[in-house]
Every structure is written in structure tokens, then in C-alpha cells.
1. So, of the residues in the range 149-164 that are within 12 Å of the chain's Cα centre (by Cα) and either at pLDDT below 90 or part of a helix (DSSP H, G or I) (or both), which turns out to be nearest to residue 26 (Cα to Cα)?
2. For residue 136, state whether it is closer than 30 Å to residue 34 by Cβ, surrounded by fewer than 22 Cβ atoms within 10 Å (Cβ to Cβ) and modelled with pLDDT of 90 or more.
3. Within the range 104-136, how many residues turn out to be of a type in the set (Val, Ile, Thr), within 26 Å of residue 70 (Cα to Cα) and in contact with an Asp or Glu (Cβ under 8 Å, 6 or more places away or on another chain)?
4. Consider the range 173-210. How many of its residues are among the hydroxyl-bearing types (Ser, Thr, Tyr), under 16 Å from the mean Cα position of the chain (by Cα) and either modelled with pLDDT under 90 or at positive phi (or both)?
5. Scan the range 3-24 and give yes if some residue there is at positive phi and modelled with pLDDT under 95, otherwise no.
6. Just checking, how many residues over the range 99-148 are acidic (Asp, Glu) and outside any helix (DSSP H, G or I)?
Amino acid sequence: MGLSIEHTGTVLVTNRTNLIYFYSKRSMDILLSALGILLTLPLMIIVGIVIKLESKGPIFYTQERVGRFGRRFNIIKFRSMVTDAEKDGAQWAQKNDSRITKVGKFIRKTRLDEIPQFFNVLKGEMSLIGPRPERPLFTEKFEQEIPGFARRLDVKPGLTGWAQVNGGYEITPKEKLDLDLIYIEKSSMLLDIRILLMTIKVVFTGEGAR
């Protein structure tokens with residue numbers, strides 16, 4: 001029987017400063033995700049075409065993830081792996097993973113595979129900035145191995161985050177938790193803007209790609 005990952009949350013809007021940040025963050029999410037969809041639409045069409053030309057299968061890939069307070073939702077990404085990538089069960093992606101297609105390697109390196117998540121942000125399932133959402137299976141596994149891992153569910157998951165710009169895919173779940181907790185404890189609009197700027201650097205340099 002799997003560990004329940006339902007989470008009541010401990011991060012609450014308790015004062016005026018937090019209230020302003022909460023609504024400012026959501027306003028930024030709506031504005032920038034809508035703008036991001038409009039600006040990247042031609043690019044999304046091109047990426048979709050090259051994915052389809054290289055290999056059989058759908059252009060988009062949806063996968064169940066765990067959001068704030070344990071709520072589940074389907075994350076949207078461009079498909080970067082072969083269609084039967086998990087025929088042997090769920091696997092943690094590795095560096096130089098043989099399941100990744102040639103196009104998939106490029107869009108992962110440049111983070112283009114994440115662009116469709118603007119729709120998740122617009123719907124309110126994610127934020128632009130926050131801990132990356134994990135799959136239910138891995139959330140349960142890491143919570144058993146690393147007590148307190150579910151504290152990441154105190155805030156809305158993000159398209160990018162402090163752990164992503166400071167370690168990328170190479171860090172361990174424990175290191176990811178430590179960085180995510182730093183973000184949760186010190187979250188502010190200035191920190192969010194800093195992470196956005198650092199993310200732009202990651203996109204252009206391909207740092208931390210897997």
C-alpha cells in the first residue's frame with residue numbers, strides 16, 4: 001500500500017505582505033504565460049513539425065504530476081522520448097538517456113520541451129516559479145526515503161525554480177529538496193524575478209540539461 005501524499009499545507013497567507021505577494025505572483029503568472037503562448041506559438045508549431053518528422057507518436061506528452069497540497073494534474077510537454085520509453089515501468093531520466101530522440105535532446109537542452117507548460121500556468125495548476133512537480137510514484141518514494149520531501153507541496157509547483165537554476169537535472173532528490181525549501185522560506189517577487197533572469201541564461205547555455 002503506497003504512502004498517502006495528500007497534504008494540507010503549512011504555507012498560508014497570514015499578513016498583508018504575503019497577500020500582496022500572493023496576488024502579484026498570480027497576476028505575473030497569468031500575464032507572462034499568456035504572453036509566452038502568443039510569442040512562442042510559431043516556435044511551438046515548428047517544434048511540433050520536427051518532432052513528428054523524426055519519429056512516430058504524438059507531438060505532446062502528458063503525465064500526471066503532484067501539485068500544491070497533493071492535488072494531481074496532467075503536465076503538458078513536447079515529447080522528447082521514443083513512444084515506448086516506459087514500457088518497463090516508470091524510470092528516472094538519466095544523463096545521455098538512450099530513450100531520448102535527437103530532436104528531444106535539443107529541446108531538452110534548450111528547455112523548449114517545457115514551453116507547453118505555459119498552459120498549465122495559465123490554468124492555475126502551476127506557477128512560473130516554484131519547485132518542479134514530481135510524479136506521484138516518485139513523490140511517494142522520495143517522501144519515504146527523505147522525510148519532509150512533501151513540504152515541497154506547500155507551494156504551487158513551477159515551470160522553473162531555484163533548484164533548476166542552481167543544479168538542474170544533475171542534483172539528487174535531497175539536494176533538490178534543500179534548494180526548494182530555501183525558495184519556500186525566502187520566496188519574494190524579487191527572488192522570482194532573479195530566478196526568471198537566471199532561467200533565461202540556462203535556456204541559452206543549456207546548463208543542467210539531461
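1. This residue is 162.
2. yes
3. The qualifying residues number 2.
4. Of the residues in that region, 1 qualify.
5. So in the range 3-24, the residues at positive phi come out as 9.
The next check asks that each one be modelled with pLDDT under 95; those that pass are 9.
Yes, that holds for at least one residue.
6. 2
Yes or no, residue by residue, for (1) over 23 Å from residue 155 (Cβ atoms); (2) surrounded by fewer than 12 Cβ atoms within 10 Å (Cβ to Cβ); (3) touching a helix residue (DSSP H, G or I) at 6+ places or on another chain (Cβ under 6 Å):
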| residue | (1), (2), (3) |
| --- | --- |
| 20 | no, no, no |
| 25 | no, no, no |
| 28 | no, no, no |
| 32 | no, no, no |
| 43 | yes, yes, no |
| 48 | yes, no, no |
| 54 | yes, no, yes |
| 57 | yes, no, no |
| 61 | yes, no, no |
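The values are calculated or read from the model by the stated rules, or taken from the named source; none is laboratory data. Not measured: the values here are computed from a predicted model. Here the Cβ is made from the backbone with ideal geometry for all residues, glycine too, and neighbour counts use every protein chain on show.
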